Amino acid sequence: MVLLRIEPGTSESQCRPAMAAATTTQAPAELSWVDERQRQRLNEMLIVVDRDNRVLGADTKRNCHLNENIDRGLLHRAFSVVLFNTDNRFLIQQRADTKVTFPGYFSESCSSHPLNIPEELEEKDALGARRAAVRRMKAELGIPPEQISPEDVMFMTTFHHKARFDSVWGEHEICHLLLVRKNVSIQPDINEVKSFRYVSREELEELLQQGEHGEVKVAPWLRTITQLFLSQWWPHLDQLDRFVEPHKIHRV
């Protein structure tokens, strides 16, 4: 299994804040390992939701990932993309060492957040999340615009997860799980992705076992996605319709 090292790429432009929720705390947080681009992205405005994924408002990425706010119940909308090529191999990435949460951890193909902008707030068929996924796959993975569109992204289901990274930072998300099955060109942004590779089911299981033994770092949501969803979907990538659950939220 070959590990592909990444050359520097071009990142997306910073999205400026539009509005802020009044109920959160903007506590100072030490970020010595985080580069300037990731610091800027902490000002992005994310979509704040309730447990049923109903929009409540918006808040900064920083506020949404502070444990002190998460412990008060702050919850935001996110997405995870699982991308397969036509050989049915799954793209995983190792998050850059300068990411705010879970730096250097292996995770799924792409994960991020819809922004609090009209085109990414669209609810029907999770179109807003699918548009956001395309935006981030272009920016993060360097997939050429002509190779990926919202029509290539299949909304499978939604899960609600929570993960604490350290005493300050964490994740608490209602996450749209999206699937792409397509051959694409990948040239990731080194500020987002440290390494990437396509894996078989057996190779992914080996990685998860290495994570259990402390040999590598694996994002907790990758384990969740693999055990709850990919274990069922992978043998049936040609017949996925039966697994689509657009109205269900899995609590994990």
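Bear in mind these aren't lab numbers, they're just calculated from the coordinates by the rules spelled out. The structure presented is a predicted model; accordingly, all values stated were derived computationally and were not measured. Methodologically, a virtual Cβ is constructed for each residue, glycine included, from the backbone with ideal geometry; neighbour enumeration extends over all protein chains shown.
Near the amide H of Arg95, under 5 Å away, which other amide H atoms are found, from residues 5 or more places off or on another chain, if H is placed in the peptide plane? For Arg95, the qualifying residues are Gly104, Tyr105, Phe106, Ser107, Lys194. Looking at Phe79, Cys110, Asn63, which one has the Cα that reaches farthest to the positive end of the dipole of the chain (charges on Cβ: Lys, Arg +1; Asp, Glu -1)? Among Phe79, Cys110, Asn63, the one farthest towards the positive end of the dipole of the chain is Asn63. Which of rounded, prolate, oblate describes the range 150-252, given a ≥ b ≥ c as roots of the alpha-carbon gyration tensor eigenvalues and a/c under 1.5 marking rounded, otherwise prolate only if a/b is larger than b/c? Rounded is the answer for the range 150-252, as its axis ratio a/c remains below 1.5.
The alpha-carbon of Lys194 sits under 27 angstrom from the alpha-carbons of these lysines, leaving out residues fewer than 8 places away in its chain: Lys61, Lys99, Lys138, Lys162, Lys182, Lys217. Couplings 3J(HN,Hα) for the range 111-122, derived from phi with the Karplus relation 6.51 cos²θ - 1.76 cosθ + 1.60 (θ = phi - 60°), are 9, 6, 9, x, 9, 7, 10, x, 5, 9, 8, 4 Hz, where x marks Gly and Pro. Taking a ≥ b ≥ c as the square roots of the eigenvalues of the Cα gyration tensor, an a/c ratio of 1.5 or more together with a/b no larger than b/c marks the range 65-107 as oblate.
For the chain, just say rounded, prolate or oblate: build the C-alpha gyration tensor, square-root its eigenvalues into a ≥ b ≥ c, call rounded for a/c under 1.5, and beyond that prolate if a/b exceeds b/c, oblate if not. Rounded, because the longest to shortest axis ratio a/c is under 1.5.
Mean projected area of the convex hull spanned by the Cα atoms of the range 64-167, taken over all viewing directions: 7.6 nm². Computed over the chain, the per-residue total of -39500 (n - 2.57) for DSSP H runs of n ≥ 4 gives a 222 nm mean residue ellipticity of -5000 deg cm²/dmol, rounded to 500.
Residues Leu115, Leu237, ranked from the fewest to the most other C-beta atoms within 10 Å, line up as Leu237, Leu115. Ordering Thr101, Thr226 from the fewest to the most neighbouring beta carbons within 10 Å gives Thr101, Thr226. Residues whose amide H lies under 5 Å from that of Val82, counting only those 5 or more places away or on a different chain, are Leu178, Leu179, Val180; hydrogens are built 1.01 Å from N in the peptide plane.
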